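Enquirer: Before I ask anything, let me first share the structure, which is written out below as C-alpha cells.
The values are calculated or read from the model by the stated rules, or taken from the named source; none is laboratory data. Predicted model only: the values in this text are computed from it and were never measured. Glycine gets a Cβ as well: all are built from the backbone with ideal geometry, and neighbour counts include every protein chain shown. When the accessible area is computed, the model is the full protein with side chains, heavy atoms only, and any ligands, DNA or RNA have been set aside. Shrake-Rupley method; radii C 1.70, N 1.55, O 1.52, S 1.80 Å.
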Amino acid sequence: MTDRSTMRVACLLLLVPAVVAAVVGPFRAPGPTAPAPPDDVVREMRAEVVKSSTDPAGRPLPVAAHWARGFGLQNFSSDYQIELLARGHHVMPTLPIPSPGGTSYPGLAAVTRLAEWGAPFSLRVDQWENLLLSKDHPRDEPGRWRNLPPEQSPLTLAPNGQLVRILSPLGAVEPWYEVGKYYTASPAFGQLEAAYPDPPLVIMLSNNEARRLEPKQDIETHSRRYLDRYGTGRSDTFKRRVMAEGYIERYRALFRGLRDGMRTEAWRARTRMVGYTAFGPPHFGRWPRWTDYSFATDEEIDPSPHMWDGGSVAYYTHNWNASSDYRVFSPQVEAMNWVFMLEEAYRINPDFWFELSVWDGNSGGNDARRKDKAEVYRKAGQHWTPERYGGFVQYGMWLLTPRVVREFRGHGVPRTRFAAEFDALVAAVDRVWTNPTLKRFWRKGELVPNRTRQHPYQSRIPDKWKHVDRWFMLNTSLDPPAPWQLETELPVFTLARVLGEEGTREWLLYTYAPVQSYHGVVVEVPGFGPATVDATPAGNFYLLRETDRQVLPVDP
C-alpha cells in the first residue's frame with residue numbers, strides 16, 4: 001500500500017466510529033480505555049484451549065468465534081468480537097493475518113490488548129497456497145512460483161505438457177514450503193509476534209478453498225505426472241489414495257514453512273493450522289457418487305488429520321441447495337456421519353482441533369443469485385428466528401462437542417441484521433460454562449446411539465464402516481412413518497448423552513423442534529425408556545435419572 005493510500009485509509013478509519021455509533025449505537029473499540037474482561041473468563045478460556053482434545057479429565061469446554069475479521073467495520077469485525085470478550089463472553093476473537101510480504105500490521109492495538117489479557121485468538125487467511133497461483137504476489141517477485149519450469153512447478157502438468165493454473169498433489173514440494181515461510185517471515189508478522197510474544201494459543205484459520213486438483217477431476221485425465229508414474233486403468237480408490245498422500249506431503253511442507261518463518265519458539269509451538277472442511281465428508285452415503293467428492297478409500301475416510309492440526313466443518317443450511325433444519329436433508333442428519341470420523345481423526349492425531357462452523361443460509365439479501373433460507377421458510381409458512389437458530393446450533397454442539405463454535409456471515413453483511421443470531425450462538429456456548437449440569441455432561445457424557453434405526457444415507461458404504469454407529473436421533477411419538485426420503489420432514493430432533501454405571505446412570509436429553517413447539521412428546525431413550533418432554537425451536541434440556549426415574553428440566 002502506498003503512503004497516500006495509507007493516509008486515505010487512516011482518514012476513513014477516523015470517521016468509522018462515528019458512523020458505526022450512528023448506525024448501531026455506542027461502541028468502544030478495544031483501545032486503552034476498553035474494559036478488561038472478567039479475570040476468571042480469560043483465565044478459564046486460557047486453561048481450556050491449551051488442553052488436548054482427548055484430555056483424560058474430560059473434553060475441553062467450547063469457545064465461540066466468528067469467521068469475520070477486520071477493524072472499524074459494521075460487520076462482525078475483530079474489534080466487535082474483542083468487545084464481546086470484554087463483556088465477559090467466552091469468545092475467541094478472529095483477526096486478519098498480516099498480508100504476505102507486508103511491512104506493517106494495522107491491528108497492533110487490538111493485539112496488544114489481547115496480550116494484556118492473555119487471551120487466545122485466531123488469524124484468518126483466505127488460503128496461503130494461493131500465492132503459488134498468483135501473478136501479483138509476492139509484490140517484489142511477481143509470479144515467482146507461478147512461472148517456474150515444469151520440473152520445479154507446483155502446478156498441474158496436463159497430459160499435453162502444458163502447465164495448468166491448478167495446484168497438483170504431484171507437483172514440486174519446495175514452493176509450498178517457500179510460500180509458507182514467506183508469509184510469516186514478513187516484517188508485519190514480526191510486529192504481530194513482538195506485540196504478543198507469549199500467546200496461549202493462535203489458530204491460523206484458512207478458507208482452504210485454493211484451486212487444486214480434486215478427486216472429482218479424474219487425475220488420470222488431468223496429470224501427465226500421474227500417467228508417467230502409474231499409467232492408466234487404476235481404480236478410483238487408488239487414485240484418491242495417490243492424491244491424498246501427495247497433499248499430505250505438500251501441506252506438511254506449507255505448514256513447516258509457516259512455522260520456520262516465525263521468530264519465536266512460543267509461536268511455533270502454540271500455533272495450530274486449521275482448515276475449513278479439512279475433515280471427512282458429511283455427505284457420506286447420501287448418493288452413489290458421494291466418493292467422487294471425497295478422499296475416502298477402503299482404509300481411511302479422510303487424510304486431513306495427517307496434515308492439518310484441525311478442521312472447521314460446515315454445519316450449514318446452504319442457500320444453494322435444498323438443505324434445511326427440519327428435513328432429513330439437514331446439517332443435523334449429515335453431522336451424525338462426523339461422529340465416527342471424529343473418532344478416527346483422534347486415533348490419528350489425539351490433539352486434532354475440531355471446530356463447528358455454522359451458517360443458517362441467510363445473507364441479508366446480499367446474494368442476489370440465491371434466496372435466503374429465511375425467505376424459503378417464510379414461503380413454507382414458517383418463521384426463522386434467533387431462538388430457532390440457537391436451537392439448531394445447540395444440536396450440532398451437543399452431537400459433536402467441538403472446541404469452537406464459529407459463525408459464518410458474508411463479509412459485507414451488516415452486524416445490525418444478524419446480531420441477535422450471533423448472540424444466540426454465544427449464549428449457547430456460555431451456558432456450557434455456567435450451567436453445572438451441562439458442564440458435567442460436556443466433559444464426560446457419552447453420546448447415545450439409536451440402534452433401532454439406520455442412518456438414512458446408505459449408498460455404497462465401504463465394508464469398514466458398514467456397522468459403525470451413525471444414527472443418534474432417538475425415536476419419538478412424532479416420527480413420520482418409514483421409509484424416510486431426503487425431503488421427509490422431521491418434527492423433532494433429539495439426542496442424549498449418558499453418564500455413570502448401570503443402575504445409577506444419568507442422561508442429558510436434548511430436544512429441538514425447528515418449526516413449532518410440541519408438548520408431551522414421548523422420546524425413547526435407550527437404557528432409560530420413554531420420557532415425556534417438550535420440544536421447542538429454542539431447544540430443551542432434560543436430566544433423566546435412573547435411580548428415581550425422574551425427568552427434570554435443565555434450566556440453561
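Enquirer: Report the residue count in region 378-393 for those that are touching a Lys or Arg at 6+ places or on another chain (Cβ under 9 Å) and either crowded, with 23+ Cβ neighbours inside 10 Å or of a type in the set (A, V, I, L, M, F, W, C) (or both).
Expert: Within region 378-393, residues that are touching a Lys or Arg at 6+ places or on another chain (Cβ under 9 Å) and either crowded, with 23+ Cβ neighbours inside 10 Å or of a type in the set (A, V, I, L, M, F, W, C) (or both) number 1.
Enquirer: Taking interchain pairs and intrachain pairs at least six residues apart, which have beta carbon atoms under 8 angstrom, with the first residue in region 400-417 and part of a loop (DSSP other than H, G, I, E, B) and the second acidic (Asp, Glu)?
Expert: Cβ pairs passing all conditions: Pro402/Glu355; Arg403/Glu355; Gly410/Asp367.
Enquirer: Is it true that Pro305 is open to solvent by 10 Å² or more (accessible area, probe 1.4 Å) and in a loop (DSSP other than H, G, I, E, B)? Give the derivation first.
Expert: Values: open to solvent by 10 Å² or more (accessible area, probe 1.4 Å): yes; in a loop (DSSP other than H, G, I, E, B): no.
For Pro305, the condition - open to solvent by 10 Å² or more (accessible area, probe 1.4 Å) and in a loop (DSSP other than H, G, I, E, B) - is not met.
Enquirer: When the residues of region 159-197 are filtered to those that are among the small types (Gly, Ala, Ser) and part of a helix (DSSP H, G or I), which remaining residue is most open to solvent (accessible area, probe 1.4 Å)?
Expert: Ala194
Enquirer: Tally time: how many residues in region 198-213 are within 23 Å of Ala115 (Cα to Cα) and open to solvent by 10 Å² or more (accessible area, probe 1.4 Å)?
Expert: 2
Enquirer: Restricting to region 244-276, count the residues that are of a type in the set (Val, Ile, Thr), touching a helix residue (DSSP H, G or I) at 6+ places or on another chain (Cβ under 6 Å) and not in a helix (DSSP H, G or I). Can you show your working first?
Expert: Restricting attention to region 244-276, the residues satisfying the condition of being of a type in the set (Val, Ile, Thr) are 248, 264, 271, 274.
Restricting the remaining residues to those that are touching a helix residue (DSSP H, G or I) at 6+ places or on another chain (Cβ under 6 Å) gives 248, 264.
Applying the additional criterion that residues be not in a helix (DSSP H, G or I) yields 264.
Selection size over region 244-276: 1.
Enquirer: Tell me which residues, restricted to region 360-390, are under 18 Å from the mean Cα position of the chain (by Cα) and closer than 23 Å to Trp433 by Cα.
Expert: Tyr389, Gly390
Enquirer: Hey, another quick one. Which of the residues that make up region 313-367 are under 18 Å from Glu209 (Cβ atoms), among the aromatic types (Phe, Trp, Tyr), out of contact with any Lys or Arg (no Cβ under 7 Å at 6 or more places or on another chain) and open to solvent by 10 Å² or more (accessible area, probe 1.4 Å)?
Expert: Correct list: Tyr316, Trp359.
Enquirer: Do you know which residues across region 219-243 are in a helix (DSSP H, G or I) and open to solvent by less than 10 Å² (accessible area, probe 1.4 Å)?
Expert: Within region 219-243, Ile219, Tyr226, Met243 qualify.
Enquirer: So how many residues does region 109-130 have that are open to solvent by 10 Å² or more (accessible area, probe 1.4 Å), in a helix (DSSP H, G or I) and not acidic (Asp, Glu)? Even if it seems obvious, please write down each step before you answer.
Expert: At the first step, the residues of region 109-130 found to be open to solvent by 10 Å² or more (accessible area, probe 1.4 Å) are 109, 112-113, 115-118, 124, 126-127, 130.
Of the ones still in play, those that are also in a helix (DSSP H, G or I) are 109, 112-113, 115-117, 130.
Now narrow it down to the ones that are not acidic (Asp, Glu): 109, 112-113, 115, 117, 130.
Number satisfying all stated conditions: 6.
Enquirer: Among (1) closer than 25 Å to Asn337 by Cβ; (2) open to solvent by 10 Å² or more (accessible area, probe 1.4 Å), which single condition is Thr416 missing?
Expert: (1)
Enquirer: If we only count strands (runs of 3 or more DSSP E) wholly inside region 467-556, which ones have 1 or more residues that are among the small types (Gly, Ala, Ser) and open to solvent by 40 Å² or more (accessible area, probe 1.4 Å)?
Expert: Filter on region 467-556 gives 518-525.
Enquirer: What residue, among those in region 57-83 that are outside any loop (DSSP other than H, G, I, E, B) and touching a residue at least 40 places away in the same chain (Cβ under 8 Å), is surrounded by the most Cβ atoms within 10 Å (Cβ to Cβ)?
Expert: Among those that are outside any loop (DSSP other than H, G, I, E, B) and touching a residue at least 40 places away in the same chain (Cβ under 8 Å), it is Ala65.
Enquirer: Restricting attention to region 91-101, which residues are open to solvent by 10 Å² or more (accessible area, probe 1.4 Å), on the phi < 0 side of the Ramachandran plot and assigned to a loop (DSSP other than H, G, I, E, B)?
Expert: Ile97, Ser99, Pro100
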